[in-house]
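Participant: Below you will find the structure I want to go over with you.
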Amino acid sequence: MDLALLRTFVTVHRAGSFTRAAALLGLSQPAVTSQIRTLERQLGRPLFLRQARGVTPTTIGDELAHKAAPHLDALVEITESGLEEDSSLRTLHLAGPPEFTAERALPALTELTGEDGQGFALRASFGTAEETLEGLAAGHHDLAISTVRPRGALLSATALCDEEHVLVAAPSWAERIGPGPLRHAGPSALEHVPVVEVHESLPFVARYWASVFDSRPIAPGTVVVPDLRAVLACAAAGAGLAVLPRYLCAASLARGDVVALHAPTVPPLRTYFLAVRTGTLAMPHIARAHEWLERAAADWC
């Protein structure tokens, strides 16, 4: 049986779509369709059920994928190792949100880089959840950290940790607001306070308001900057209120640079997921980084 046909079959099985598989393989969709039909003729059985949106594997298709995928992944590992014989390090490509990746993931993974020839070289890129997952699916990254759990068989994800969100502002604003108005009047006590956010849609503030106050924020963003570290700096400088992950502002809270304006009984949480392409954990450097991040995350929660 032609290994190229099996590779195409496994890619379609994981992608759930001829179109997505064609993009991953660098082939045209007709070429992928032709290869799958050839394999089906050779086996004498249908491997996929064609649907309006994508394909669904038949029982035979699932069985073949289960048997073939690990061996194909092992062959890819052998091939890629051979390409890097001149280097003692494998390269791990990581993608994720800039703040969490910079503050959490990268410091943890750099402990493994260049470790007696058993570590790996590290390349990182930042992006939104959609961008990182699309890049992972397309083969640009080995691991992706995302606040969205991917769907489908192409990618698999593990819950990494939860982050708590905190409503903060500079001490001067906390003094002007006072503890009583927010406790008694709720979010209306904050209507006059400027908002610092990462996007015009106010994703952090809106999520906090919905979860804690069961309402929507009224004030628009006064300062909008696409990095939570900059949001923290602006809030500490007195630009207004902000909603930030506790891990990011914990030191500033301890120093008194910012003050928590509210302490809800159940604080809003957001989950981070560690995603990989299905089957790639057979590659030792990816598996090691994945395991290391899971261990490190136990101290992040």
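The values are calculated or read from the model by the stated rules, or taken from the named source; none is laboratory data. Keep in mind that what you see is a predicted model, and the values were worked out from it rather than measured. Note: ideal-geometry Cβ built from the backbone for every residue, glycine included; neighbour counts use all protein chains shown.
Participant: Select from the stretch 182-205 the residues that are under 22 Å from residue 101 (Cα atoms) and part of a loop (DSSP other than H, G, I, E, B) and list them in ascending order. Spell out the reasoning first.
Facilitator: Our first condition is that a residue be under 22 Å from residue 101 (Cα atoms); within the stretch 182-205, this holds for 196-199, 202-205.
Those that are under 22 Å from residue 101 (Cα atoms) and part of a loop (DSSP other than H, G, I, E, B): 198, 199, 202.
Participant: Tell me, which residue of the stretch 14-51 that is assigned to a loop (DSSP other than H, G, I, E, B) and in contact (Cβ under 8 Å) with a residue 12 or more places away in the chain is farthest from residue 62 (Cα to Cα)? Reasoning before the result, please.
Facilitator: Start the filter on the stretch 14-51 by keeping residues that are assigned to a loop (DSSP other than H, G, I, E, B), which leaves 16-17, 26-28, 44-47, 51.
In the following step, the residues that additionally are in contact (Cβ under 8 Å) with a residue 12 or more places away in the chain were identified as 16-17, 27, 45-47.
Values: 16: 12, 17: 15, 27: 23, 45: 12, 46: 11, 47: 8 Å.
Among residues in the stretch 14-51 that are assigned to a loop (DSSP other than H, G, I, E, B) and in contact (Cβ under 8 Å) with a residue 12 or more places away in the chain, the one farthest from residue 62 (Cα to Cα) is 27.
Participant: Taking the options 271, 280, 222, name whichever one is among the polar types (S, T, N, Q) and under 30 Å from residue 74 (Cα atoms). Explain how you work it out, then say what you get.
Facilitator: Working: 271 fails: under 30 Å from residue 74 (Cα atoms); 222 fails: under 30 Å from residue 74 (Cα atoms).
Step by step, each of 271, 280, 222 is checked, and only 280 is among the polar types (S, T, N, Q) and under 30 Å from residue 74 (Cα atoms).
Per-residue answers, yes or no, for (1) surrounded by fewer than 17 Cβ atoms within 10 Å (Cβ to Cβ); (2) of a type in the set (A, V, I, L, M):
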{"site": "136", "(1), (2)": "no, yes"}
{"site": "143", "(1), (2)": "no, yes"}
{"site": "146", "(1), (2)": "no, no"}
{"site": "157", "(1), (2)": "no, yes"}
{"site": "161", "(1), (2)": "no, no"}
{"site": "164", "(1), (2)": "yes, no"}
{"site": "192", "(1), (2)": "yes, no"}
{"site": "196", "(1), (2)": "no, yes"}
{"site": "200", "(1), (2)": "yes, no"}
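Participant: Still on this structure, I have one more. Being surrounded by fewer than 17 Cβ atoms within 10 Å (Cβ to Cβ) and either at pLDDT 95 or above or within 16 Å of the chain's Cα centre (by Cα) (or both) is true for just one of 265, 271. Which residue is that?
Facilitator: Working: 265 fails: either at pLDDT 95 or above or within 16 Å of the chain's Cα centre (by Cα) (or both).
Sole residue among the options that is surrounded by fewer than 17 Cβ atoms within 10 Å (Cβ to Cβ) and either at pLDDT 95 or above or within 16 Å of the chain's Cα centre (by Cα) (or both): 271.
Residues checked against (1) surrounded by 21 or more Cβ atoms within 10 Å (Cβ to Cβ); (2) of a type outside the set (Val, Ile, Thr); (3) closer than 24 Å to residue 93 by Cα:
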residue	(1), (2), (3)
223	no, no, no
251	no, yes, no
257	no, yes, no
300	no, yes, yes
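Participant: Another one. Applying the selection to the stretch 211-237, what residues are of a type outside the set (Gly, Ala, Ser) and not in a loop (DSSP other than H, G, I, E, B)?
Facilitator: Residues of the stretch 211-237 of a type outside the set (Gly, Ala, Ser): 212-214, 216-218, 220, 222-229, 231-232, 234.
212, 213, 222, 223, 224, 228, 229, 231, 232, 234, listed by residue number.
Participant: Residues 72, 83, 25, 94: which one is at pLDDT below 90, under 24 Å from the mean Cα position of the chain (by Cα) and closer than 21 Å to residue 143 by Cα? Let's see the steps before the verdict.
Facilitator: On the way: 72 fails: under 24 Å from the mean Cα position of the chain (by Cα); 83 fails: under 24 Å from the mean Cα position of the chain (by Cα); 94 fails: at pLDDT below 90.
Just a single option satisfies the conditions, and that option is 25.
Participant: Taking the stated definitions as given, is residue 216 surrounded by fewer than 19 Cβ atoms within 10 Å (Cβ to Cβ) and within 28 Å of residue 102 (Cβ to Cβ)? Lay out the reasoning, then the answer.
Facilitator: Numbers: surrounded by fewer than 19 Cβ atoms within 10 Å (Cβ to Cβ): yes; within 28 Å of residue 102 (Cβ to Cβ): no.
No, not satisfied.
Participant: Given the criterion of a type in the set (Ser, Thr, Tyr) and touching a helix residue (DSSP H, G or I) at 6+ places or on another chain (Cβ under 6 Å), identify the matching residue among 188, 172, 215. Even if it seems obvious, please write down each step before you answer.
Facilitator: On the way: 188 fails: touching a helix residue (DSSP H, G or I) at 6+ places or on another chain (Cβ under 6 Å); 172 fails: touching a helix residue (DSSP H, G or I) at 6+ places or on another chain (Cβ under 6 Å).
None of the other options fit; the residue is 215.
Participant: For the stretch 171-182, indicate whether the set of residues that are among the hydrophobic types (A, V, I, L, M, F, W, C), touching a residue at least 40 places away in the same chain (Cβ under 8 Å) and under 13 Å from residue 242 (Cβ atoms) is non-empty.
Facilitator: As a first pass, look at the stretch 171-182 and keep what is among the hydrophobic types (A, V, I, L, M, F, W, C): 173-174, 177, 182.
Now restrict to residues that are touching a residue at least 40 places away in the same chain (Cβ under 8 Å): 173-174, 177, 182.
Going one step further and asking which of them are under 13 Å from residue 242 (Cβ atoms), we end up with 173-174.
Scanning the stretch 171-182, I find at least one residue that is among the hydrophobic types (A, V, I, L, M, F, W, C), touching a residue at least 40 places away in the same chain (Cβ under 8 Å) and under 13 Å from residue 242 (Cβ atoms), so the answer is yes.
Participant: Can you go through 201, 146, 188 and tell me which one is touching a strand residue (DSSP E or B) at 6+ places or on another chain (Cβ under 8 Å) and among the hydroxyl-bearing types (Ser, Thr, Tyr)?
Facilitator: Values: 201 fails: touching a strand residue (DSSP E or B) at 6+ places or on another chain (Cβ under 8 Å); 188 fails: touching a strand residue (DSSP E or B) at 6+ places or on another chain (Cβ under 8 Å).
Exactly one residue qualifies, and that residue is 146.
Participant: Being among the charged types (D, E, K, R), surrounded by fewer than 16 Cβ atoms within 10 Å (Cβ to Cβ) and at pLDDT 90 or above is the filter here, so list the residues in the stretch 104-130 that pass it.
Facilitator: Kept after step one, since they are among the charged types (D, E, K, R), are these residues of the stretch 104-130: 104, 111, 115-116, 123, 130.
Within this subset, residues satisfying the condition of being surrounded by fewer than 16 Cβ atoms within 10 Å (Cβ to Cβ) are 111, 115-116, 123, 130.
Hits for the stretch 104-130 are 123, 130.
Participant: Next question. Have a look at 208, 272, 247 and point out the one that is in contact (Cβ under 8 Å) with a residue 60 or more places away in the chain, touching a Cys at 6+ places or on another chain (Cβ under 7 Å) and either assigned to a strand (DSSP E or B) or more than 30 Å from residue 9 (Cα to Cα) (or both). Walk me through how you get there before you give the answer.
Facilitator: Numbers: 208 fails: touching a Cys at 6+ places or on another chain (Cβ under 7 Å); 247 fails: touching a Cys at 6+ places or on another chain (Cβ under 7 Å).
So the residue among 208, 272, 247 that is in contact (Cβ under 8 Å) with a residue 60 or more places away in the chain, touching a Cys at 6+ places or on another chain (Cβ under 7 Å) and either assigned to a strand (DSSP E or B) or more than 30 Å from residue 9 (Cα to Cα) (or both) is 272.
Participant: List the number of the failed condition for residue 125; all other conditions in (1) assigned to a strand (DSSP E or B); (2) touching a Pro at 6+ places or on another chain (Cβ under 8 Å) hold.
Facilitator: Going through (1) assigned to a strand (DSSP E or B); (2) touching a Pro at 6+ places or on another chain (Cβ under 8 Å) one by one, residue 125 breaks only (2).
Participant: Only residues in the stretch 53-72 that are closer than 14 Å to residue 43 by Cα count as the first member; pair them with residues that are of a type in the set (Ser, Thr, Tyr) and surrounded by fewer than 19 Cβ atoms within 10 Å (Cβ to Cβ), Cβ under 7 angstrom, at least 6 apart or cross-chain, and list the lot.
Facilitator: Short answer, once both residue conditions are applied: none.
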